Amino acid sequence: MIHSNEIFNVLRKKKINFYTGVPDSTLKNFINLIDKKKNLKHYPVYNEGSAVGLGIGYHLATKELACVYLQNSGLTNAINPLLSISHKKVYSIPCLLMIGWRGSPYRKKDEPQHNVTGQITKKLLKLSGIKFLILRKKKDLIKLDKLINFARRNNQAIACLVENGTITKQKLQKINLKITSDISREMVITELLLNINSNTSIVSTTGYTSRELHQLRKNLGLNKGKDFYMVGGMGHAGIVSLGFSINKKKQVLCLDGDGSLLMHLGTLRAQGKFGKSNFKHILLNNGSHESVGLQRTFVEKTDFPLLAKTLGYKRFDKIIYKKNLTKKLKKFLKLSGPSFLEIKIKPGKINNLKRPNNFIKIKNDFMKK
Ligand SMILES: Cc1ncc(C[n+]2csc(CCOP(=O)(O)OP(=O)(O)O)c2C)c(N)n1
């Protein structure tokens with residue numbers, strides 16, 4: 001086990017002072033530590049490709065290299081700028097990728113959506129010409145130090161793979177999310193399952209939202225409608241809902257999160273433009289990436305309904321307090337789309353949260369008439 005401080009000390013010694021990325025649960029203690037350091041530049045962003053882009057801009061301005069943290073499922077988002085800008089055969093721009101390695105074949109089995117990427121993460125890096133090390137023991141920190149020298153000398157991206165359980169777990173520092181809502185995700189999902197009709201299909205986003213939807217259905221025995229859980233493909237729930245809805249007559253509800261929506265924000269325009277009357281989009285906004293450690297998304301003041309309006313949605317509304325939840329939700333479900341509802345929620349998840357599995361069955365059920 002390695003303490004985040006020990007990793008940070010190596011990076012500080014190597015004068016790495018610029019941090020960006022998209023959070024991951026494997027790295028949450030490291031990210032939390034970076035976030036606490038007052039004299040560091042830390043700019044969390046919403047997509048791993050953007051994080052690499054930010055690091056490229058930083059290098060152009062300073063000749064220095066950025067540390068970009070990400071989960072390996074976001075590596076494919078990052079590959080585009082890494083290969084077509086940073087690569088030694090293009091502009092040759094260095095950075096350090098700190099990668100949370102979910103689904104590592106050397107660890108106990110992870111979730112199916114992680115195992116596929118986990119199996120080929122090393123190969124992806126090799127194919128991309130990115131030298132890497134696996135951080136497991138303290139002595140690997142010496143290798144990290146040397147690899148950073150290599151990145152500097154050769155102007156190349158390098159990567160440090162961190163498996164689940166490598167970084168010592170510590171209590172995360174409390175983050176003030178400035179949330180006034182008294183609504184929980186559980187309340188919204190329960191109300192939704194009580195009020196939808198049988199001819200409704202729900203597409204839910206990555207993380208706690210899909211897991212809670214899946215579990216609450218079971219716990220409460222509420223069987224109206226069908227679900228498609230986006231256990232991976234973070235940020236694509238809206239566009240998947242759109243593809244389904246324009247080819248179906250039934251009501252389609254996308255259950256989204258703020259971190260997820262921000263990851264591919266451009267799709268909001270496609271949904272506003274092409275969504276039909278059956279397309280309904282609900283944003284559960286807790287101002288954070290709660291599923292991977294409650295890192296802030298900085299959208300307290302963002303007017304999402306106005307954004308949706310500007311991007312072509314026909315109806316839009318917002319709910320902040322529990323006292324309005326049932327009435328406004330029922331009204332929203334009757335509105336003709338494309339429509340958008342932002343529900344501010346407070347952090348918190350249901351106890352003993354399980355994960356959906358048996359994905360082929362889930363898909364087949366969802367596709368049945
Ligand atoms: C491409 C990609 N990057 C990062 C992750 C890790 N991840 C899983 S859930 C999640 C947070 C989702 O945030 P949000 O949509 O706001 O939902 P919340 O967790 O707050 O319910 C992240 C970053 C991932 N699964 N895929």
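Structure summary
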read-out	value
Tally, over the range 176-190, of residues that are open to solvent by 40 Å² or more (accessible area, probe 1.4 Å) and either more than 22 Å from the chain's Cα centre (by Cα) or of a type outside the set (D, E, K, R) (or both)	5
Every residue from the range 287-300 that is more than 7 Å from the ligand (Cβ to nearest atom) and open to solvent by 30 Å² or more (accessible area, probe 1.4 Å)	LEU294, ARG296, PHE298, GLU300
Residue selected from the range 118-134 under the condition in a helix (DSSP H, G or I) and in contact with a strand residue (DSSP E or B) (Cβ under 9 Å, 6 or more places away or on another chain), by the criterion surrounded by the fewest Cβ atoms within 10 Å (Cβ to Cβ)	LYS126
Failed criterion for THR209 (all others in (1) open to solvent by less than 30 Å² (accessible area, probe 1.4 Å); (2) more than 14 Å from the ligand (Cβ to nearest atom); (3) in a helix (DSSP H, G or I) hold)	(2)
Positions within the range 78-102 being crowded, with 23+ Cβ neighbours inside 10 Å and out of contact with any strand residue (DSSP E or B) (no Cβ under 8 Å at 6 or more places or on another chain), in sequence order	PRO81
Residue within the range 128-141 that is more than 27 Å from ASN5 (Cβ to Cβ) and free of Cβ contacts under 8 Å to residues at least 24 places away in the same chain present	no
Given (1) within 26 Å of GLY74 (Cβ to Cβ); (2) at pLDDT 95 or above, number of the condition ASP182 does not satisfy	(1)
Condition met for LYS137 (closer than 18 Å to LEU27 by Cβ and open to solvent by 10 Å² or more (accessible area, probe 1.4 Å))	yes
Flag if LEU262 is near the ligand (Cβ under 9 Å from one of its atoms), hydrophobic (A, V, I, L, M, F, W, C) and farther than 18 Å from ILE202 by Cβ	yes
Matching residues, the range 255-286, being within 16 Å of the chain's Cα centre (by Cα), among the hydrophobic types (A, V, I, L, M, F, W, C) and open to solvent by less than 10 Å² (accessible area, probe 1.4 Å)	LEU255, LEU261, LEU283, LEU284
Selection within the range 314-335 - more than 15 Å from LEU283 (Cα to Cα) and in a helix (DSSP H, G or I)	LYS322, LYS323, ASN324, THR326, LYS327, LYS330, LYS331, LYS334
Any chance GLY49 is open to solvent by less than 20 Å² (accessible area, probe 1.4 Å), without any contact (Cβ under 8 Å) to a residue 60 or more places away in the chain, under 20 Å from HIS264 (Cβ atoms) and out of contact with any strand residue (DSSP E or B) (no Cβ under 8 Å at 6 or more places or on another chain)	yes
Unmet requirement for CYS67, which otherwise passes all of (1) closer than 24 Å to GLN113 by Cα; (2) crowded, with 20+ Cβ neighbours inside 10 Å	(1)
Selection status of GLY232, away from the ligand (no atom under 16 Å from the Cβ) and either among the small types (Gly, Ala, Ser) or under 22 Å from PHE316 (Cβ atoms) (or both)	no
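The values are calculated or read from the model by the stated rules, or taken from the named source; none is laboratory data. This one's a predicted model, so the numbers in the text were calculated from it and none came from an experiment. Backbone-built Cβ (ideal geometry, glycine too); neighbour counts: all protein chains shown. Ligands, DNA and RNA are excluded from the accessible area calculation, which covers all protein heavy atoms including side chains. Shrake-Rupley method; radii C 1.70, N 1.55, O 1.52, S 1.80 Å.
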